[in-house]
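Colleague: Just passing along the structure, written as structure tokens.
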Amino acid sequence: MSSGNSPPDNLSELANTQLGVQLLAERFARWAVAFELRQAPQNVRQAAHRAILDTIGVCAAGSVHPKVQALWRQMADGAGRSHVIGQPGTMPAATAALINGMAGHVWDFDDTSYTGIMHGSTVILPAILAIAEDVNVDSEALLTAFIVGSEITYTLADVCTHHHYFKGWWSSATFGIIGAVAGVCRLMDLTAEQTVSAIGMAAAATGVGKAITGTDAKPFMAGETAQRAIAFARAAAAGLTGPADAFENTRGYLHLLNDGKFVMAQAETLGQRWRLCEPGLLFKCNPVCSAAQAAIELLANLMRQAGATADDIHTIRAEIPELVDISLVYPHPKTSQEAQFSLEYALACAALHGSVRLEDLDPAQVSAPEKRRIMAKITTSVSADLSSAEMRESAPESARLTVVLKDGRELNGECLQAYGMPERPLSDLELFEKFRRCLDFSGIPNQKFRFEITDYLQLVRDISHKQDI
């Protein structure tokens, strides 16, 4: 095993001889082909169910976003069998995956995994959902493929460690593509050898940097990654081969994207440690970057406990860890996309409304004078103790606030983990209410909806047909 600064001369040879383990692509492929749904414990199946429903909900909310609708109009093609959530008609699977992936991430309301610091579901689900309709499988097969894709994605993230994210890669794409490919291959009933080739091609082709933050490219790349996953699987199905050692080769993934740093032993836990539950997923309460969630909750609680309003605020001082600082990079946002990565904007919304609402991402709201007045009162600084190695592991997106009111009172507090994180999970009822809010926002009637619904494919069709669900 190696996790040092100097990559071995031949990671491929190291993996095969010194570690005595399969190449990663082979391990992932063989597990994907052999996995059966009954092997997953009930809590894993329930975690996957929650993630699928939440992602369908945020896709529905995203379907009314002007940029998603513009992309749908540009690419509308009724020749396929796959639905675009919230839009009429059907499209080719790859196009449906592209648009659904963008819709799922456009409000930044989708789930987050701190394994890899990424949005896995919004890449994995659109790809397998489109293929599930295209090849006409049932929702149990979709659930199986989603677990396959999720567990492989998050296992790869553990192999690569957080070094990958802090190096500057957008891990939602660079990790998510691998799991999405594996899930699509499973639905297409590809062999282990074909799946190795598809995963190898994806690993050799990936590389999306976090420079996309704050632009339309970020949600678009979520969809584009889902779309590419389908292309790689279809290429392998057609007989094209890919590099089995795409991860370990010195000209491959672990060397080029991760400086040769890896913890290969993590791969051996695939199918033993279920990362959908351990550590689990963050389901957001606010449609902005996960790095702002703790600060939003903390300010809302402090204001409520003090009986204060936004007009009472004199100053707000925020202390944040390094991860929050490098994630929320727009102190003076000019667009909705920038506002989703602005701690100042998130805190202004929290002061005014107790949360960030979907309607707060309307462009007119971003420049609202009352929000700008509050933002001018906010200062931020990186805290050394919140950025420690221990805190990065246990509370990577924490916040500490000092709020000084005009009457001289000082409100102090700290939130280490936002509500919705695995340690403080939303109940099924609360997640259900979030789903309903998303459908309400998109104008889809949902009086009949029940959280226990597991026919995901029919659910998508009903949403797209604007039926009461």
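Colleague: Calculate the translational D of segment 234-344 in whole µm² s⁻¹ from Stokes-Einstein, where the hydrodynamic radius comes from the Kirkwood formula applied to all Cα pairs, the temperature is 20 °C and the viscosity 1.002 mPa s.
Modeller: Diffusion coefficient, whole number: 114 µm²/s.
Colleague: Compute and list, largest first, the equivalent-ellipsoid semi-axes of segment 313-375 from the alpha carbon gyration tensor, each √(5λ) rounded to a whole angstrom.
Modeller: After scaling each eigenvalue by five and taking roots: 17, 14, 10 Å.
Colleague: Beta carbons within 10 angstrom, averaged per residue: use that to sort the peptides 458-466, 397-405, highest first.
Modeller: With the highest mean Cβ count within 10 Å placed first, the list reads 397-405, 458-466.
Colleague: Here's a follow-up. With θ set to phi - 60° and the Karplus curve 6.51 cos²θ - 1.76 cosθ + 1.60, what are the ³J(HN,Hα) couplings of segment 361-368 in order, to the nearest whole Hz, using x for Gly and Pro?
Modeller: 9, 5, x, 5, 6, 4, 9, 4
Colleague: Can you list the residues, at least 5 places off or on another chain, whose amide H is less than 5 Å from the amide H of S82, using H built in the peptide plane?
Modeller: Counting only residues 5 or more places away or on other chains, the set is M91, A93.
Colleague: Kindly rank 27-35, 146-154 from highest to lowest mean number of other beta carbons found within 10 Å of each residue.
Modeller: Result, highest mean Cβ count within 10 Å first: 146-154, 27-35.
Colleague: In terms of modelled amide H atoms, which long-range or inter-chain residues lie less than 5 Å from the amide H of G413?
Modeller: HN-HN under 5 Å from G413: L401.
Colleague: Just add up the charged neighbours of R81: K/R +1, D/E -1, any other residue whose Cβ is under 15 Å from the Cβ of R81.
Modeller: Within the 15 Å Cβ shell, the charges total -2.
Colleague: In degrees between 0 and 90, to the nearest 10, how far off the longest principal axis of the chain does helix 192-205 point, with axes built from Cα atoms?
Modeller: The two axes meet at around 50 degrees.
Colleague: In addition: Before anything else, pin down the relative contact order of the chain: Cα pairs under 8 Å, at least 6 apart, normalised by residue count, whole percent.
Modeller: In percent, rounded to a whole number, it is 19.
Colleague: Which net charge results when you count Lys and Arg as +1 and Asp and Glu as -1 among the other residues whose beta-carbon is under 14 Å from that of A32?
Modeller: For residues surrounding A32, the net value is -2.
Colleague: Where only protein heavy atoms count, and the probe is 1.4 Å, what is the accessible area per residue for segment 153-196 in Å²?
Modeller: Computed with neighbouring chains in place, this is 22 Å² per residue.
Colleague: Mind checking the angle between helix 139-160 and the chain's longest principal axis? C-alpha axes, 0 to 90 degrees, to the nearest 10.
Modeller: Approximately 80 degrees, to the nearest ten.
Colleague: Among G104, S394, P279, which residue has its Cα positioned farthest towards the positive end of the charge dipole of the chain, with +1 placed on the Cβ of Lys and Arg, -1 on the Cβ of Asp and Glu, and the dipole taken about the Cα centre?
Modeller: So the residue we want is G104.
Colleague: I need the phi-derived Karplus couplings for segment 265-273: 6.51 cos²θ - 1.76 cosθ + 1.60, θ = phi - 60°, integer Hz, Gly and Pro marked x.
Modeller: Using θ = phi - 60°, the values come out as 4, 4, 5, 6, 8, 4, x, 10, 9 Hz.
Colleague: Projected onto the charge dipole of the chain (+1 at Lys/Arg Cβ, -1 at Asp/Glu Cβ, origin at the Cα centre), which of L71, T380, S342 gives the Cα projection farthest towards the positive end?
Modeller: L71
Colleague: I'd like the antiparallel share, as a percent to the nearest 5, of DSSP beta bridges with both residues in the chain.
Modeller: Here the share of antiparallel DSSP bridges comes out near 75 percent.
Colleague: Hey, got the dipole for segment 167-314? About the Cα centre, +1 on K and R Cβ, -1 on D and E Cβ, debye to the nearest 20?
Modeller: 100 debye
Colleague: If I fit a long axis through the Cα atoms of helix 121-135 and take the longest principal axis of the Cα atoms of the chain, what angle between them do I get, 0 to 90°, rounded to 10?
Modeller: Approximately 50 degrees, to the nearest ten.
Colleague: If you put +1 on each Lys and Arg Cβ and -1 on each Asp and Glu Cβ, how big is the dipole of segment 345-469 around its Cα centre, in Debye rounded to 20?
Modeller: Details: 17 positive and 20 negative charges, 102 e Å.
Charge dipole of segment 345-469: 500 debye, to the nearest 20.
Colleague: For the chain, build the convex hull from the C-alpha positions and give me its volume per residue in Å³.
Modeller: Numbers: hull volume 60.1 nm³, N = 469.
Expressed per residue, the convex hull around the Cα atoms of the chain is 128 Å³.
Colleague: Keeping the other protein chains in place, figure out the carbon and sulfur percent of the accessible area of the chain, with a 1.4 Å probe. Each step should come with its number before you reach the end.
Modeller: Values: 8500 of 16990 Å².
Its accessible area is 50 percent carbon and sulfur atoms.
Colleague: Find which of H163, H83, T191 sits farthest along the positive direction of the dipole of segment 67-213, computed with +1 on the beta-carbon of Lys and Arg, -1 on that of Asp and Glu, about the Cα centre.
Modeller: H163
Colleague: Roughly how many debye, to the nearest 20, is the charge dipole of the chain about its Cα centre, given +1 on each Lys and Arg Cβ, -1 on each Asp and Glu Cβ, and no other charges?
Modeller: Details: 39 positive and 52 negative charges, 144 e Å.
Roughly 700 debye, rounded to the nearest 20.
Colleague: Applying a 10 Å radius around every beta-carbon, put 190-198, 352-360 in order of their mean neighbour count, most first. Numbers along the way, then the final one.
Modeller: On the way: 190-198: 22.8, 352-360: 18.2.
The densest-packed peptide leads the list: 190-198, 352-360.
The values are calculated or read from the model by the stated rules, or taken from the named source; none is laboratory data. Here the structure is a predicted model, which is why all the values come from computation and not from measurement. Neighbour counts run over all protein chains shown; Cβ positions are idealised from the backbone, glycine included. For accessibility, only protein heavy atoms count, side chains too; no ligands or nucleic acids. Shrake-Rupley method; radii C 1.70, N 1.55, O 1.52, S 1.80 Å.
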